[in-house]
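Asks: This is the structure I have questions about; it appears just below.
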Amino acid sequence: MFDKQKQLIIIGNGFDLQCGLKSKFVDYLDFRTKERGDYPWVRYSQNHSKLSIDANRAQNAVNNSAIVPFLWDIVFSIELENNNWVDVEYTIQRWVTDDKQIGILIQIAKLTFGKMMPLVKPNIEERYYIQMYRNISISEFRGFLFEHLRRLEADFKDYLKGIAEGLAYKDNASNLYDMLARQRPWCSVDYPVETDVLSFNYTRPLHFEQNGSKYPLNSLVNIHGKLEDDNIIFGFDIADISSSDYSICQFTKTMRLLTRYFDGSNFSSIFHNNYDYIKVYGHSLSDPDYSYFENIFDHNHLIDSNVILVFYYPSDKNKLKRNLVSDIYKLFRHYESRKGLGFSLLHKLVMENRLYLTALDIY
């Protein structure tokens, strides 16, 4: 007879993508380009110092001014000049923490809105912005960037809400959850297990009863907010900055959680539990989320406990496997550095059969 054990399943955007949801940020920009016609209304070539504005798309953008993140659209136009994709969290960090980048953006914003005025009729808020640009400080401008970040979050939320209602997506999510919940690469015995899910997504397709699933959810936490509560956030890791300037710190995930919707009870079921095993699927293991993994590893005494870690990838995507191996290595190197360890924790876990990299045959 086995006692009921506890497992934590950590899911990232790869989970939603596997379930058929177009939840990448580039999918959102593609929707705005093809469906709504308000992006890209501005293009700025940093290499050639050339600004161009599409009058029709600019008019559509102004018509949607309650939600369109004007300033971040300018940033994206610069980022996409050299890349065919946008890492939102890295882009936010790079532009708000570097005074030189802020200065560049202020100048571009002046040119942009100056050029827009003959083409469209700006609303009162944008006229106020244009006036302020003449003598605005870097800290004040970060305030405008923050307000436009909230626009970006609201608009991205509306986009996701519109595509996350399909039954196919919810059925796929339920099936994928069941597969992850029952997986035990270290054991063939199907014993009782209590399951918590920590989701880095904004969607919430899983239900606590899971329609008769053998692996009902004990708790489900959307750490960065959920669509139905209108509280989703973008941001970067507070551990990545040394500045005490609040105009910068307000963009970190920690401060966003604290000031936007923080309620300690939301997270207690995850961060106050000790787990027998922790499973990860579809998470990029990127820098902005290192602090969360550090907290989970610390609370579960990863160094000297018996907790088992399992990182999953789809069996038909070998490229994801290669990337995952690299990301796991970087995550543990970061953790070892933060804890001042004089040994390889990654090697220790592998030798103790407490870390697995496992292919998942999906559907």
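Throughout, read-outs are computed from the coordinates displayed, never taken from laboratory work. None of the values given here were measured: they were computed from a predicted structure. As a convention, Cβ positions derive from the backbone with ideal geometry for all residues, glycine included, and neighbour counts pool all protein chains shown.
Asks: For Glu165 paired with Ser305, estimate the spin-label separation in nm (one decimal), with each label point 7 Å from Cα along the Cα-to-Cβ line.
Replies: Result: 4.1 nm between the two label points.
Asks: Considering only the other residues whose Cβ falls under 14 Å of the Cβ of Ile78, what net charge follows from Lys and Arg at +1 and Asp and Glu at -1?
Replies: For residues surrounding Ile78, the net value is -1.
Asks: Okay, moving on. Using the Cβ atoms and a cut-off under 12 Å, what net charge is assigned to the surroundings of Asp245, where Lys and Arg are +1 and Asp and Glu are -1?
Replies: Local charge sum for Asp245: 0.
Asks: For segment 139-201, give the magnitude of the charge dipole about the Cα centre (Cβ charges: +1 Lys/Arg, -1 Asp/Glu; no others), in debye to the nearest 20.
Replies: Around 100 debye, computed over segment 139-201.
Asks: May I ask you to derive the FRET efficiency for Asn63 and Arg338 from their Cβ-Cβ distance with R0 = 51 Å, giving the value to the nearest 0.05?
Replies: 0.60
Asks: Quickly estimate the mean residue ellipticity at 222 nm for the chain, helices only: each DSSP H run with n ≥ 4 gives -39500 (n - 2.57), and the total goes over all residues, rounded to 500.
Replies: -14500 deg cm²/dmol
Asks: Right, something else. Net charge near Gln93, counting Lys/Arg +1 and Asp/Glu -1 over other residues with Cβ under 12 Å of its Cβ?
Replies: With Lys, Arg at +1 and Asp, Glu at -1, the neighbours total -4.
Asks: Let me ask something else about it. Taking R0 as 56 Å, what FRET efficiency do you get between His207 and Ile241 from their Cβ-Cβ distance, rounded to the nearest 0.05?
Replies: 0.90
Asks: Now for a separate question. Work out from phi, with θ = phi - 60° and the Karplus expression 6.51 cos²θ - 1.76 cosθ + 1.60, the ³J(HN,Hα) of each residue of segment 217-231, listed in order in whole Hz, and give x for Gly and Pro.
Replies: 6, 8, 7, 9, 10, 8, 5, 9, x, 9, 4, 5, 9, 6, 9
Asks: Once you charge only the Cβ atoms, +1 for Lys and Arg and -1 for Asp and Glu, what is the size of the charge dipole of the chain about its Cα centre, to the nearest 20 debye?
Replies: Dipole about the Cα centre, nearest 20: 720 debye.
Asks: Pull out the extension gain between Ala359 and Ser139, defined as 0.36 nm times the separation in residues minus the alpha carbon to alpha carbon distance; nm, one decimal.
Replies: Result: 74.5 nm gained on full extension.
Asks: Between 0 and 90 degrees, rounded to the nearest ten: what's the tilt of helix 88-97 against the longest Cα principal axis of the chain?
Replies: Helix 88-97 and the main axis of the chain meet at about 60 degrees.
Asks: Moving on to the next point. From the list (i) 33, 24, 19; (ii) 52, 18, 16; (iii) 41, 23, 18, can you say which value of semi-axes √(5λ) of the Cα gyration tensor in Å was derived from the structure given?
Replies: This structure yields the entry labelled (iii).
Asks: Right, another one. List, in the order given, every pair from Lys161/Lys317; Lys253/Lys321; Lys22/Lys279; Lys24/Lys330; Lys24/Lys161; Lys6/Lys226 whose Cα-Cα distance in the structure shown is over 21 Å.
Replies: Beyond 21 Å: Lys161/Lys317; Lys253/Lys321; Lys22/Lys279; Lys24/Lys330; Lys6/Lys226.
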